[in-house]
Amino acid sequence: MRKTNSLLVSIIMSVYNEESEWIRKAINSILNQTYTNLEVIVVNDNIQNKVNTNLLKEIQHKDNRIQIIDNPTNFGLAKSMNIAIKASQGTYIARMDADDISSPQRIAKQVKYLEQNKEIAVLGTQIKKFGDKNNVKIFPSEPDDLKTKLFFKCCISHPSVMIRKSVVIENKFFYNEDYKSAQDYDLWTRMMLNVKIANLNEVLLHYRVHNKQITHIKRKEQINNTIVSHSMMLYNSPFHNIPHINFISNVIWDKTKFKDRDKQALFRTNIIELIKQNNRVKYFEPFEFNKCMFKTLIRRSIKISYKDLVILKYIIAPKPIHVIFFDSIQKKLQRLNAFTRFCIQFVLYS
């Protein structure tokens, strides 16, 4: 195996209008990595901000590993990241945001893992939130589990990832420049169709939470883009023949609870067909996928008929004892309200 420190890693980040002190801390957390064979490509997406522009020049003057690219105008994150990717020379590309902080051993541990696990193309980490929130966010680590959970939520922290550059170039896995938000989920849903994604089981990124983030400012746009990406993922998967794919994506991601019986029946029918097809082809890990899907039915207040319960018990129950218990309560479940049903299912299948 090659000595891992001989591999050049390209750190790519974009600066727009973040606090100067946040930018300084973010870049310093990269420059102070135990892994030293780095190039740090910073795209300045707001040259009108003279304070940050001068700060970047100051930091660059102190460390020749830093390369600054000035956009003539505001291009947005997706295009800025594509510019950085094309300028990068590393074997691996690592993302970093201008308001976050990487742990000193982050890059070393990610390179080591990717060198030991050649089948993995994208590697994220667990994160610790700070700022407006203060908690550890745990994501699935194993590729099959992560792929399944990506159907229901974004479980990869974008600024924590490291990607094999060869995979990006060979498959043209660039960011969709039409997206001003949710660019990461769009990229993951395209990549998951062809490559394996994993997360390290260790907190290696401190993720700053504040009210200026895209997540807060453009929440509705982010949801809409996510729905489009989710639909495209289904169209390009073995389930492309299922009708009403856009409707399925809308219900899963918009978290809508609707009382219209026709819509409920439509969603329920399509979901059960999706579960049946996945059980045959095993595109997603069946038990985890079915469990998450059933919880979605409950959370969206989708009424489940006796016939559905009979079907679902064979699809979901992982052990004979669960099947027996399911048989004994299925009639009673129909008479319970949505919240109570959810509680019972959560206990059964979590």
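The values are calculated or read from the model by the stated rules, or taken from the named source; none is laboratory data. Note that this is a predicted model, so its numbers are computed, not measured. So basically every Cβ, Gly included, is an ideal-geometry build from the backbone, and we count neighbours across all protein chains shown.
If you check I83, I120 for being closer than 22 Å to V42 by Cα and at pLDDT 95 or above, only one passes: I83. Annotation: of all residues in the range 88-137 being hydroxyl-bearing (S, T, Y) and assigned to a strand (DSSP E or B), the one that is farthest from S29 (Cα to Cα) is Y92.
Residue-wise test of (1) among the basic types (K, R); (2) over 19 Å from W22 (Cβ atoms).
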| residue | (1), (2) |
| --- | --- |
| N54 | no, no |
| K57 | yes, no |
| I83 | no, yes |
| A87 | no, yes |
| M96 | no, no |
| S102 | no, no |
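Conditions tested, residue by residue: (1) in contact with a Ser or Thr (Cβ under 7 Å, 6 or more places away or on another chain); (2) closer than 22 Å to I101 by Cα.
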position: E119; (1), (2): no, no
position: Q126; (1), (2): no, yes
position: D132; (1), (2): no, yes
position: S166; (1), (2): no, no
position: Y185; (1), (2): yes, yes
position: R190; (1), (2): no, no
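Select from the range 153-181 the residues that are part of a loop (DSSP other than H, G, I, E, B) and among the small types (G, A, S) and write down the one among them that is farthest from A198 (Cα to Cα). For the range 153-181, the residue satisfying everything is S181. Kindly check whether there is at least one residue in the range 33-53 that is free of Cβ contacts under 8 Å to residues at least 12 places away in the same chain and in a loop (DSSP other than H, G, I, E, B). Yes: one or more hits.
A single entry from N199, N290 fulfils the requirement of being part of a helix (DSSP H, G or I) and either in contact with a helix residue (DSSP H, G or I) (Cβ under 9 Å, 6 or more places away or on another chain) or loosely packed, with under 15 Cβ neighbours inside 10 Å (or both): N290.
Each residue in the range 17-32 was checked for being crowded, with 18+ Cβ neighbours inside 10 Å and part of a loop (DSSP other than H, G, I, E, B), and 1 pass.
Listed by first and then second residue, the pairs linking a residue in the range 169-180 that is under 17 Å from N224 (Cβ atoms) to a residue that is of a type in the set (K, R), with Cβ atoms under 6 Å apart and 6 or more places separating them unless they lie on different chains, are E177/K79. Kindly establish whether S181 is closer than 22 Å to K133 by Cα, hydroxyl-bearing (S, T, Y) and crowded, with 18+ Cβ neighbours inside 10 Å. Yes, satisfied.
Which of the following residues is outside any helix (DSSP H, G or I), among the β-branched types (V, I, T), in contact with a Leu (Cβ under 7 Å, 6 or more places away or on another chain) and under 20 Å from P104 (Cβ atoms): I68, I11? Step by step, each of I68, I11 is checked, and only I11 is outside any helix (DSSP H, G or I), among the β-branched types (V, I, T), in contact with a Leu (Cβ under 7 Å, 6 or more places away or on another chain) and under 20 Å from P104 (Cβ atoms). Please determine whether any residue of the range 95-117 is under 12 Å from the mean Cα position of the chain (by Cα) and either buried (at least 22 other Cβ atoms within 10 Å of the Cβ) or farther than 20 Å from M232 by Cα (or both). Within the range 95-117 (the criterion being under 12 Å from the mean Cα position of the chain (by Cα) and either buried (at least 22 other Cβ atoms within 10 Å of the Cβ) or farther than 20 Å from M232 by Cα (or both)), the answer is no, since none of the residues qualifies.
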